[in-house]
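Working notes, beginning with the structure itself.
The values are calculated or read from the model by the stated rules, or taken from the named source; none is laboratory data. Values in this document were obtained by computation on a predicted structure and should not be read as measured data. No Cβ is skipped: glycine too gets one built from the backbone with ideal geometry, and neighbour counts run over all protein chains shown.
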Amino acid sequence: MRIERAILSVFDKTGIIDLARALIAHKIEILSTGGTAKHLMTAGIPVVAISEWSGAPEILGGRVKTLTPKVFGAILHDRTNTDHVADVARLSIPRVDVVVVNLYPFEETAAREGVKLAEAVEQIDVGGPSMLRAAAKNHRYVLPLCDPSLYDEFIRQLDTGEIGDDFRLFCATKVFEKTAAYDRSIATFLRTQRTPDEERQSGGDRTLNLEKFQDLRYGENPQQQASFYVQDGGRPFEQVHGKELSYNNLLDLDAAIRLVRAFSQPAAAVIKHTNPCGVSRRDSLSEALAAAIEADPVSAFGGIIGANREFDGASARLIESLFLEVVVAPSFNGEALDILRKKKNLRLVTTSASLPDLEFRSAAGGILAQTPDRISNRDTWKTVTAKQPSAEMLNGLELAWIVCAYVKSNAIVLTSESQSIGIGAGQMSRVDAARVAIMKSTLPTTGAFAASDAFFPFRDGLDILADAGVRAVIQPGGSVRDEEVIAAANQREMTMVFTGERHFRH
């Protein structure tokens, strides 16, 4: 069926002049609105104002331009339905065969810092989505073009004399994806204008606007295909070198980022299977990195390194001979890149993204939405033993507590004042976690600090740590046997601090 008429009404005018010229070359009449019509006429392209064509003037400052029976009758009528054909003939409504529309920039407006509700609401497009949805519903006869990326293929097919059914269906699908994402972004923004109490009273339903960020090398295993999606077009990281990431790489680099960002001093962590195997904070990144590797050099093989400072040449030279999967840092300087890019498979990743206000995890066929876990400062801690902590002890306990929060439960962590010594992760028994931490220790445990991610249900775990020479322990507290455990710590002349917060990590 020959294309006779097209509607052009776009906010993003990328490529619209070339598209309009192609339409004119094929003797297709162009109907247009406000700013688009002026843009085309300035380029010497003849257009007919939709208000003149429909007989309905633009009103309400341009809010109503296309919402008329003539416009929607021209788009929506089924060319094979005799009743539809009779209606448009009786009302002298000619057909529209192409609808070229993109939407007001609501997402960009809403993302601006300090934007007012009224300002954002004014950018909610009504007529544009309505025309696109109408054309997409009737795509067998009316081609919807909702994005400039579609123009070149349309012009190519127009020049062949036929718009293929596959392309029509593809364009219709893009419309509903685009309008669905648009509506989700509006709903998400409006939700932010509500108080937490209003949100809870409304039921708290959520929609996620997920866009594919990249395909992954594989999922958890090579036989599993996988892609990585992000919310609202975010860019959580950038890979600057190396082969493709897998899902396991993403989990590990996420664990690395979260851990090192918990420190204000230069810090480095070596992650293996989402658990830290070595962590240190020092005066410089290279010193911290050397100590983190030293904490468990065997486990560091094939691991992921996270840093909370720019990765420099001194740090790069430390790992030049190591086999590693990923290095993630806020940035890499030129010297570090020159050194590390010689390892063609090593993935180098930069990120400056902050933790979201809400994070999501899949479980049991559904999705958990929760606020990120955050570690309180020393002001909330309570010493529960007779032996009080020194400043050095508090520093060591702080390190142990931060590291422990990022170790899979059940977890026991042993540290010095600035370096992890032994990490017991993912044990079914807290006693076993203590034994593993001691067994994994690469430095003497006498005088070490220990952290437990949850309370000690009995004194047995504490006794194991005391036997190894641990002098101070930090834990949440909250067990019905707290008094028994405190008495054991006093008996063993240990310092014990309660934080009042648990850090399970599953």
Of the residues in the stretch 98-125, those that are within 21 Å of A6 (Cβ to Cβ) and either among the hydroxyl-bearing types (S, T, Y) or touching a strand residue (DSSP E or B) at 6+ places or on another chain (Cβ under 6 Å) (or both) number 5
For the stretch 139-149, indicate whether the set of residues that are surrounded by fewer than 17 Cβ atoms within 10 Å (Cβ to Cβ), free of Cβ contacts under 8 Å to residues at least 24 places away in the same chain and within 28 Å of L23 (Cβ to Cβ) is non-empty. yes
Scanning the stretch 278-298 for residues that are in a strand (DSSP E or B) and not basic (K, R), the one surrounded by the most Cβ atoms within 10 Å (Cβ to Cβ) turns out to be V279
Can you name the strands (runs of 3 or more DSSP E) wholly within the stretch 300-397 that have at least 3 residues being out of contact with any helix residue (DSSP H, G or I) (no Cβ under 9 Å at 6 or more places or on another chain) and free of Cβ contacts under 8 Å to residues at least 40 places away in the same chain? 359-363, 366-370
Kindly establish whether L414 is surrounded by 11 or more Cβ atoms within 10 Å (Cβ to Cβ), assigned to a strand (DSSP E or B) and in contact with a His (Cβ under 9 Å, 6 or more places away or on another chain). no
Odd one out for A89 among (1) exposed (fewer than 14 other Cβ atoms within 10 Å of the Cβ); (2) over 18 Å from E4 (Cα atoms); (3) among the hydrophobic types (A, V, I, L, M, F, W, C): (2)
From the options L190, L117, L150, residue that is modelled with pLDDT of 90 or more and aliphatic (A, V, I, L, M): L150
Report every pair of residues separated by at least 6 positions or lying on different chains whose Cβ atoms are under 8 Å apart, first residue within the stretch 167-181 and closer than 16 Å to M131 by Cβ, second assigned to a helix (DSSP H, G or I) and of a type outside the set (A, V, I, L, M, F, W, C). A172/K137; V175/R133; F176/R133; T179/P129; T179/R133
Yes/no for S390 being outside the structural domain of E325 (by TED's automatic domain parsing), closer than 22 Å to R502 by Cα, surrounded by fewer than 16 Cβ atoms within 10 Å (Cβ to Cβ) and among the small types (G, A, S): no
(1) under 24 Å from R261 (Cα atoms); (2) part of a helix (DSSP H, G or I): which one isn't true of V407, the others all being true? (2)
Which one of the conditions (1) buried (at least 17 other Cβ atoms within 10 Å of the Cβ); (2) over 23 Å from L158 (Cβ atoms) does V10 fail to meet, given that it meets all the rest? (2)
Has the stretch 483-503 got any residue that is within 25 Å of H273 (Cα to Cα) and not charged (D, E, K, R)? yes
Name every residue in the stretch 276-297 that is at pLDDT below 95 and farther than 14 Å from I421 by Cβ, in order of residue number. none
Got at least one residue in the stretch 72-86 being within 16 Å of F11 (Cβ to Cβ) and modelled with pLDDT of 85 or more? no
Every residue in the stretch 109-143 that is of a type in the set (S, T, N, Q) and either in a loop (DSSP other than H, G, I, E, B) or not assigned by TED's automatic domain parsing to the domain that holds S54 (or both), please. Q123, N138
Return yes or no: is V260 surrounded by 20 or more Cβ atoms within 10 Å (Cβ to Cβ), modelled with pLDDT of 90 or more and assigned by TED's automatic domain parsing to the domain that holds A292? yes
What's the total number of residues in the stretch 8-20 that are in a strand (DSSP E or B) and on the phi > 0 side of the Ramachandran plot? 0
The stretch 68-92: number of residues that are basic (K, R) and over 48 Å from the mean Cα position of the chain (by Cα): 1
Kindly establish whether L208 is at pLDDT 95 or above, more than 30 Å from L346 (Cβ to Cβ) and not aromatic (F, W, Y). no
